[in-house]
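These notes are about the structure you will find just below.
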Amino acid sequence: MMAQNDERIPEVESLLEKMTIDEKIGQLNLLTPGGGVATGSVVSKNVEAKIKAGNVGGLFGVASPEKMKMAQDLAVKETRLQIPLLFGSDVIHGYKTTFPIPLGLSSSWDMELIKKTAQIAAKEATADGINWNFSPMVDIARDPRWGRIAEGAGEDPYLGSAVAKAMVTGYQGDDLTDKETMLACVKHLALYGAVEGGRDYNSVDMSKVKMFNQYLPPYKAAVDAGVASAMSSFNDIDGVPATGNKWLLTDLLRERWGFNGFVVSDYTSLNEMIAHGLGDLQAVSALALKAGLDMDMVGEGFLSTLKKSLEEGKVTEEEITNACRNVLIAKHKLGLFDDPYRYIDSSRPKKDILTKENREVARKAAQRSFVLLKNENNVLPLEKTSNIALVGPLADSRNNMLGTWAPTGDLKNGITILEGFKNVAPKATINYAKGSNILNDKTLAKNINVFGPRVEISKESPEELLNEALTIAKKSEVIVAVVGEATEMSGEAASRTEISIPDTQKKLIKELVATGKPVVLVLMSGRPLTIPEEFNLPVSILQVWHPGVEAGNAVADVVFGDYNPSGKLTATWPRSIGQIPIYHSMKITGRPAPASEEFQKFKSNYLDEKNSPLLPFGYGLSYTTFEYSDIKINKETIQQGESVEVSVALKNTGAYDGEEVVQLYLRDVVRSVTPPSRQLKGFKKVFLKKGETKTVTITLSPEDLKFYNSELEFVAEPGKFEVFVGGNSNATLTKSFVLE
Ligand code: NOJ
């Protein structure tokens, strides 16, 4: 028998006994009635009739709580067994209170804050009837061409695992019957972030050693944190699409990791196995069920073929029952059998959604997600009485504040940068001009604007726009240019082969610099960009991602110094596209390039580019400066199972109070599988008053020394380990110890 959930709940078991095969198959069917954002070419039809017929286990993307109530009425009043529906949604970075995009949130390195954003998202979403969230997205991404890098926590498995845990526990709390919590869904299982060429939905091919060490840890962390559901990804793994991959969904997820929730497909990913070349709908549906898929999103392959497959002996009743049990247990966990309307309470939306307190957390989260990339002549922070030219296509662009995949948020609630400046610095003189379009290419704009206008091409010519900006720039003391990507230039099906700032904005930036006035770039994007040219100009750069509903206020808080930036990059910023994939834990190779980065023949380097990135993982400045010294280690030799404590003295040597993310990297010098050059294995975010010194201690647990060897055993091998501590992944303070 295949490995299955061994959880047995009497109420669920007695229900299963009463169910016909059709009713069981009905529970495996997840539909979307439309009205939300359809992320595939199919939208469900005749949803009401299917609910009444007992052919639906859950719905997602339902437009309102009233509609959810109507649907639940159909399920519990008009079907034979009155089984309530699940209501799912994509609440990716906040519900109505939109937080920064996940890549931005991860840049805060603040797990309590990330958990808090998930708690608020759960409270708001459940107030509107949603009880199942298609988040967290924990796919490791090392290719910034891939638009969905915006939706995850970046390149690193250690940080990614911490974020996965924070989000799952934030959404689910300790008790899923609590009306303010919802089922989380870890996605996209698995390796979706490693699509070839950074092209969405593309194939993935990877060794098991690499996947276990680098890509799988965040999914496992979500399972360890008790995630109630998982979503299979679009891509194939070892040649078998995830949705029909038994090794993935059963051997790994259930048997090895002990997952006891339910697995849902991605949007029509079951049917897409036909295009992948795995057979017709009946064949791929049987394959998916046998692999361990429990619920079919939108495609209705289960609904339309499983009974036939049962009759033909291609699947067993037990397999259908097992999948059905997994779905029913989730409903039981939510308390839906006790009260199907548990999450439908008309008194809640008004008091729980988009409250002042929630917006305050959104503002705080946005401030902490920003990364100061450069502060030329310490121009930042600005005085609140300055005479400022605020320019750029994103300075007053409400449609671009929330970020990609915020379908439950409302664009009109986003505070623009112009509004934020006026709110935070009412005494400043602020002259605004657009300066340029986001880009001028109409075809590209059309591709980006699928969900509505994000790139708006002005009637004025590029020259006119530029001249307006230069005119006000010349009258001002300082120029703040809000530039970068529109929100939908990242996200699903938004891969790019060029990840630089669009040409028309580059021109604007150069012309602004040519005025000789100090220039601050407020850079928005859903991914790392290639900005070597802009970085080398005499400008300051504050990276703000897409900051969410409080965008403008949070940007102003940082620009005017009410908050001292503390974010650090969670994905490496390449110098050029040709360096991709590039990440901090790359292997050393047998022919390492010289430290000087001068080209050498027969070494692992490029003729025309350095190996090092423009900005390393973990990088980010502050208005103050921090000095690291006095690294200590409590043991020089350890035995298996022992921990090691590493401490450093950290001093705030600048003129502002501030926070620093102290990072610990580990290099396993000798082992049976080629090690990464270094890997993040610990971090602490610490606040220091100006002039203050603190000792910061990070403990390396026995687990932190382990890796998956060629047999996929999780082991620590004897030998030397080097530890590096500092403020980014190039940290140089070092000590070593030996595992005996
Ligand atoms: C497709 C996306 O890949 C997934 O992340 C999302 O949850 C589903 N569509 C449902 O909207």
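The values are calculated or read from the model by the stated rules, or taken from the named source; none is laboratory data. Just so we're clear, the structure is a prediction, and the values are computed from it rather than from any experiment. Backbone-built Cβ (ideal geometry, glycine too); neighbour counts: all protein chains shown. With ligands, DNA and RNA removed, areas are computed over all heavy atoms of the protein, side chains included. Shrake-Rupley method; radii C 1.70, N 1.55, O 1.52, S 1.80 Å.
Observations on the structure shown:
- Listed by position, the helices (runs of 4 or more DSSP H) enclosed by segment 314-387 that each have at least 3 residues that are farther than 21 Å from GLU66 by Cα are 317-333, 356-369.
- Of the set (1) crowded, with 22+ Cβ neighbours inside 10 Å; (2) of a type outside the set (Phe, Trp, Tyr); (3) within 15 Å of the ligand (Cβ to nearest atom), all apply to VAL163 but (3).
- None of LEU281, LEU334, LEU289 is of a type outside the set (Ser, Thr, Tyr) and in contact with an Asp or Glu (Cβ under 6 Å, 6 or more places away or on another chain) except LEU289.
Results for (1) over 23 Å from ALA230 (Cβ atoms); (2) within 16 Å of the ligand (Cβ to nearest atom), shown as yes or no for each residue.
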| site | (1), (2) |
| --- | --- |
| MET68 | yes, no |
| ARG80 | yes, no |
| GLY88 | no, yes |
| HIS93 | no, yes |
| THR98 | yes, no |
| GLY104 | yes, no |
| MET111 | no, no |
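- When segment 4-27 is filtered for residues that are of a type in the set (D, E, K, R), loosely packed, with under 13 Cβ neighbours inside 10 Å and in a loop (DSSP other than H, G, I, E, B), the ones remaining, listed by number, are ASP6, ARG8.
- Meets criteria (in a loop (DSSP other than H, G, I, E, B), in the same structural domain as VAL670 (by TED's automatic domain parsing) and modelled with pLDDT of 95 or more) for LYS601: no
- Residues of segment 699-725 that are in a strand (DSSP E or B) and on the phi > 0 side of the Ramachandran plot: GLY719 alone.
- Between GLU533, GLU488, the distinction of being under 25 Å from PHE421 (Cα atoms) and of a type in the set (D, E, K, R) belongs to GLU488 only.
- Among the candidates SER64, SER44, the residue that is modelled with pLDDT under 95, within 16 Å of the ligand (Cβ to nearest atom) and not assigned by TED's automatic domain parsing to the domain that holds ALA493 is uniquely SER44.
- Any hit, segment 425-443, residues being in contact with an Asp or Glu (Cβ under 9 Å, 6 or more places away or on another chain), of a type in the set (Val, Ile, Thr) and in contact (Cβ under 8 Å) with a residue 60 or more places away in the chain: yes
- Candidates THR79, THR117, THR126, THR98 - the one that is open to solvent by less than 20 Å² (accessible area, probe 1.4 Å) and within 19 Å of LEU30 (Cβ to Cβ): THR126
- Residue in segment 660-674 that is touching a Lys or Arg at 6+ places or on another chain (Cβ under 7 Å), not aliphatic (A, V, I, L, M) and not in a strand (DSSP E or B) present: yes
- Total residues in segment 507-563 satisfying the condition of being touching a residue at least 60 places away in the same chain (Cβ under 8 Å), in contact with a helix residue (DSSP H, G or I) (Cβ under 8 Å, 6 or more places away or on another chain) and in a loop (DSSP other than H, G, I, E, B): the figure is 17.
- Options GLU492, GLU488, GLU460: the member that is open to solvent by 10 Å² or more (accessible area, probe 1.4 Å), assigned to a loop (DSSP other than H, G, I, E, B) and within 16 Å of the ligand (Cβ to nearest atom): GLU492
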